Amino acid sequence: MLFASLCFAVMGGFAKELSEHLDSLEVVFFRNVFGVFLIALSLYKSPLKKQIGGKPILLFFRGFMGFCALLAFFYNIAHITLAEAMTYSKTAPIFTAIFAFLFLKEKIGIFGWIGIFLGFLGMIFIMQPTGIGGFDKYDILGLFSAIGAALAYTSIRELRNYYDTRVIVLSFMVVGTVGPIILMIVSNFFTISWLDFMFGKFVMPSGKLWIYIIAMGVFATLAQTYMTKAYMITNAGIVGAISYFNIPFSILVGLYLGDKFLDILSIVGIVLIIFSGILVSMKGKK
């Protein structure tokens, strides 16, 4: 999980570099099309075994919410520091715990609720709102990416009873590939300024951009692979806690790419979110 966290941070770094030349919508497209190819290869080498199925709407919902979350996340990567964008995404477990409590009747426990409170407090430190309505666009998109990811993760808990893991991942990758194509076509006719994160025109990459695209796909695949291995071989709470090393790794990668150093309030917010995530991921475990 430690290696996976490093790979996620490096993937974010390549996405940030690509975002200087391509719209975030196109970056999302290349991020997912690489995954579709790899999963298709996996299905070809090891065909699906008999599975129950029967939840196509929920399967699409998982893919759609994952795509929306990734779109907002990559847009934030392009416009704020890598550390802040990653931190927002790492609040997803907090919302996942809430949604699992509301929809799946999962218990949270006292430490889980404390973690949720600390997580929201940490978000306020990072956002630093100036009164009512003081949240900027990147704050809202950061929360949107976390909530979208949390809804996707919550749906997985139900889908895993009906589908092979690769089918669930493929639902996300396919929507994340087809969605950008549709939106890039639509962008040639009209755009909505306050929804600019959903629009963008295709620009054919050239030169070193192809290296960045390949590297982003490779590190994303490595991250997903080793994260999955980690969850398969040990306690999920421990793995979830270790995954928060993604944030300090992202700080280092971001500084290397020229991000400004975070102010003290943002650092306090990040620490609170890391601590809250650990409490939530360890809820119910000794």
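Computed quantities for the displayed model
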| item | result |
| --- | --- |
| Number of the exception - residue 141 against (1) within 25 Å of residue 281 (Cβ to Cβ); (2) at pLDDT 90 or above; (3) in contact with a Lys or Arg (Cβ under 8 Å, 6 or more places away or on another chain) | (3) |
| Test result for residue 67, more than 24 Å from residue 22 (Cβ to Cβ), of a type outside the set (A, V, I, L, M) and assigned to a helix (DSSP H, G or I) | no |
| Pair list, Cβ under 7 Å, 6 or more apart: the stretch 265-280 residue buried (at least 19 other Cβ atoms within 10 Å of the Cβ), other residue of a type in the set (Asp, Glu) and part of a helix (DSSP H, G or I) | 266/84 |
| Only one of 87, 81 that is buried (at least 24 other Cβ atoms within 10 Å of the Cβ), among the β-branched types (Val, Ile, Thr), closer than 20 Å to residue 197 by Cα and at pLDDT 90 or above | 87 |
| Yes/no for residue 104 being in contact (Cβ under 8 Å) with a residue 40 or more places away in the chain and either surrounded by 23 or more Cβ atoms within 10 Å (Cβ to Cβ) or of a type in the set (Val, Ile, Thr) (or both) | no |
| Condition met for residue 231 (modelled with pLDDT under 90 and touching a Lys or Arg at 6+ places or on another chain (Cβ under 9 Å)) | no |
| Subset of the stretch 1-60 [exposed (fewer than 15 other Cβ atoms within 10 Å of the Cβ), among the hydroxyl-bearing types (Ser, Thr, Tyr) and not in a helix (DSSP H, G or I)] | 46 |
| Verdict on residue 267 being β-branched (Val, Ile, Thr), farther than 30 Å from residue 42 by Cα and touching a Phe, Trp or Tyr at 6+ places or on another chain (Cβ under 9 Å) | yes |
| Residue in the stretch 184-201 that is surrounded by the most Cβ atoms within 10 Å (Cβ to Cβ), counting only those that are more than 21 Å from the chain's Cα centre (by Cα) and outside any helix (DSSP H, G or I) | 187 |
| Complete set of residues in the stretch 81-95 that are in contact (Cβ under 8 Å) with a residue 60 or more places away in the chain and either among the hydrophobic types (A, V, I, L, M, F, W, C) or assigned to a helix (DSSP H, G or I) (or both) | 82, 83, 84, 85, 86, 87, 89, 92, 93, 94 |
| Unique match (being within 15 Å of residue 197 (Cβ to Cβ), under 19 Å from the mean Cα position of the chain (by Cα) and modelled with pLDDT under 95) among 8, 61, 74, 34 | 74 |
| Conditions (1) within 29 Å of residue 108 (Cα to Cα); (2) surrounded by fewer than 17 Cβ atoms within 10 Å (Cβ to Cβ); number of the one not met by residue 260 | (1) |
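Conditions (1) modelled with pLDDT of 85 or more; (2) farther than 19 Å from residue 31 by Cβ; (3) assigned to a loop (DSSP other than H, G, I, E, B); (4) out of contact with any strand residue (DSSP E or B) (no Cβ under 9 Å at 6 or more places or on another chain), marked per residue:
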site	(1), (2), (3), (4)
148	yes, no, no, yes
158	no, yes, no, yes
176	yes, no, no, yes
182	yes, no, no, yes
205	yes, no, yes, yes
210	yes, no, no, yes
214	yes, no, no, yes
225	no, no, no, yes
238	no, yes, no, yes
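The values are calculated or read from the model by the stated rules, or taken from the named source; none is laboratory data. Predicted, not measured: the structure shown is a model, and the values here were computed from it. Every residue, glycine as well, gets a Cβ built from its backbone with ideal geometry; the counts of neighbours run over all protein chains shown.
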